[in-house]
Amino acid sequence: MLLQSEKRNLWIIVSITVLNAIGMTIVLPLFPFLLEIYVPKSSIAVTMSILVSVFAVCTFIAAPVFGALSDRYGRKPVLLFSLLGSATGYLLLGIGGALWVLFLGRIIDGLTAGNQSALFAYITDSTEPHERGQWFGYLGGAIGLGFMIGPAIGGFLGSFSVTLPFFVTAGITLLSMLCISVLLPESLSVEKRSTHLTLSSFNTFFHFKEIFSLKEARSLLIMGAFFYVGLNIWQFNASIFLKDVFLWGPSFIGSIFVLVGICDILSRVIVLPQMLKRWSEQTVSIVGLCGLILGLGLIFLSAYIQSIFLIVAAVASIVLGEGLFDPSYNARLSLSVDESKQGLLQGTNQSLQALYHVIVPLGAAAIYSFNPGAVFGVAAAFMFFGLLLFMRLKREKV
């Protein structure tokens, strides 16, 4: 049972996560408009893709390293350093002046990407195993809330100046740093920290080898690859599918993403805790994966039977399914290593997700160009194989 002070610290983490999500999503819709200053309109899409890929590659390299550093020195220093890197990156985007400055900002932000893994590790440090699914759900709900609020703020600020939101985001990030410095104690006690740091600790692939040498962690991360690839296919192709197949404009598509935000918060903050009181995390995870498979199947069907009811049902199934599976999966993943490797594990998971963000759009685009509906059929197949793997997993002692 959590003490009152421990609950207070966890709610501070959730609040900081809301701030981070708001800050990140304030600027996301504005990148195309910012790039208009530096490149011709015909080059904006390509340039933006390269910016996204550069950030993802840097995150892939850096996240396991910062995860390992948080196991050695604690979560708080890594959180502060990572947020300082993000604030610096956003400031450079706002200052601009040349295209290379924008790339430098994204590189700095990517190479200091450790805040997500440190936040998840903080939850793991501060909770008992049976409580983690619920708190990971709250963390995901906080991200969903930020994703609903941020774009609205960004759109409002962007109407005054396209660079203003980047400075505001840097300010929000610095506010998060202040909250962590003043309000948040360290969660990883000295006796639970890893005891060695060598040159290998700065080698991303050394950390991959270390985590993948652990049987249950390896099995869960391989299973997670099917989940995240299928999820990324949906996330990267939903807007263009609704535009191309349903001929919807920005307002209609925007309303669907409001539905996404509402369902995400409901599933993680309300539905998940209630289900975890009645069923095991394994059962809840299986229900979530079944919801994802159903939703992706309905999207595939909607390519041939164009009905708004199919789309609404599909979106609700996908988002509710993700909200049930993702926190339960992360809770199960946290049990696959001991306390001295939690940061490394979460950093490796964050790194792999960054890798999927580089690879998936390319493969999905090729399938989409062949058949817009088929890409969601492929996503459903990935989820189905992930479900089969997950049902076969047995917990190992760590």
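What FRET efficiency comes out for VAL312 versus THR198 if R0 is 51 angstrom and r is the Cβ-Cβ distance? Round to the nearest 0.05.
The calculated FRET efficiency here is 0.45.
To the nearest 20 Debye, how big is the dipole of the chain about its Cα centre, given +1 on the beta carbon of each Lys and Arg and -1 on that of each Asp and Glu?
380
Whenever you get a sec, compute what percent of the accessible area on the stretch 289-357 sits on carbon and sulfur atoms (1.4 Å probe).
The nonpolar share, carbon plus sulfur, comes to 71 percent.
Would you count, across the chain, every pair of lysines whose alpha carbons are under 28 angstrom apart, provided the pair is eight or more residues apart or spans two chains?
For the chain, the number of qualifying lysine pairs is 24.
Where q = 0.26 Å⁻¹, what log10 of I(q)/I(0) comes from the Debye formula for the stretch 311-398, counting one point per Cα?
Taking Cα atoms of the stretch 311-398 as identical point scatterers yields -1.37.
Apply 1/(1 + (r/R0)^6) to the Cβ-Cβ distance of LEU247 and ILE222, taking R0 = 45 Å, and write down the FRET efficiency to the nearest 0.05.
After rounding, the FRET efficiency stands at 0.70.
May I ask for the Rg/Rh ratio of the stretch 7-51, computed from Cα atoms with Rh as the Kirkwood radius, given to two decimals?
1.29
What does the charge dipole of the stretch 147-260 about its Cα centre add up to, to the nearest 20 debye, if the Cβ of each Lys and Arg holds +1 and the Cβ of each Asp and Glu holds -1?
About 160 debye.
Counting pairs of alpha carbon atoms under 8 Å apart in space and at least six apart in sequence, what relative contact order in percent does the stretch 1-122 give?
Averaging sequence separation for qualifying contacts and normalising by length gives 28 percent for the stretch 1-122.
Counting every Cα pair in the stretch 169-308, what percent are over 27 Å apart?
Counting pairs separated by more than 27 Å, the tail of P(r) holds 53 percent.
Which helices of the chain meet both criteria: a Cα extent of 27 Å or more along the helical axis and a mean Kyte-Doolittle score no lower than -1.0, with helices taken as whole DSSP H segments?
4-27, 44-73, 75-95, 129-158, 164-183, 215-244, 281-302, 308-334, 342-370, 374-392
What is the percent of Cα-Cα separations in the stretch 230-297 that go past 16 Å?
Considering the stretch 230-297, 59 percent of its Cα-Cα pairs are separated by more than 16 Å.
Just in the stretch 301-398: which chymotrypsin sites (Phe, Trp or Tyr not before Pro) are loop by DSSP and have at most 12 other Cβ atoms within 10 Å?
Taking the stretch 301-398 and a limit of 12 other Cβ atoms within 10 Å, the loop chymotrypsin sites (Phe, Trp or Tyr not before Pro) found are TYR304.
Over 5 Å intervals from 0, what percent of Cα-Cα pairs in the stretch 73-163 sits in each interval?
Bin by bin from 0 Å, the calculated values are 3, 13, 15, 16, 21, 15, 9, 5, 3, 1, 0.
Which value, in Å³ per residue, describes the convex hull spanned by the Cα atoms of the stretch 294-339?
Given the Cα convex hull of the stretch 294-339, per-residue volume reads 57 Å³.
Given the convex hull of the Cα atoms of the stretch 76-120, what is a quarter of its surface area in nm²?
So the mean shadow area of the Cα hull is 2.7 nm².
In Å, what is the Rg of the alpha-carbon atoms in the chain, and how long is Dmax?
20.4, 60
Quickly estimate the mean residue ellipticity at 222 nm for the chain, helices only: each DSSP H run with n ≥ 4 gives -39500 (n - 2.57), and the total goes over all residues, rounded to 500.
That comes out to -27000 deg cm²/dmol.
Give me log10 I(q)/I(0) at q = 0.13, 0.17, 0.20, 0.21 Å⁻¹ for the stretch 89-221, Debye formula, one equal scatterer per alpha-carbon, no solvent.
The Cα Debye sum returns log10 ratios of -0.85, -1.24, -1.37, -1.40.
Suppose a student asked you for the relative contact order of the chain, using Cα pairs under 8 Å spaced at least 6 residues apart; what percent would you report?
Worked out over the chain, it gives 28 percent.
So what's the stretch 125-187 giving for Rg/Rh, alpha carbon basis, Kirkwood Rh from the mean inverse pair distance?
1.11
Output the direction-averaged projected area (hull surface divided by four) of the convex hull of the alpha-carbon atoms of the stretch 15-94, in nm².
The directionally averaged projection comes out at 5.9 nm².
The values are calculated or read from the model by the stated rules, or taken from the named source; none is laboratory data. Everything numeric here is computed off the predicted structure, so don't read it as measured data. FYI the Cβ positions are ideal-geometry reconstructions off the backbone, even for glycines, and counts take in every protein chain you see. Just so you know, the surface numbers come from the protein's heavy atoms only, side chains and all, with ligands and any DNA or RNA stripped out. Shrake-Rupley method; radii C 1.70, N 1.55, O 1.52, S 1.80 Å.
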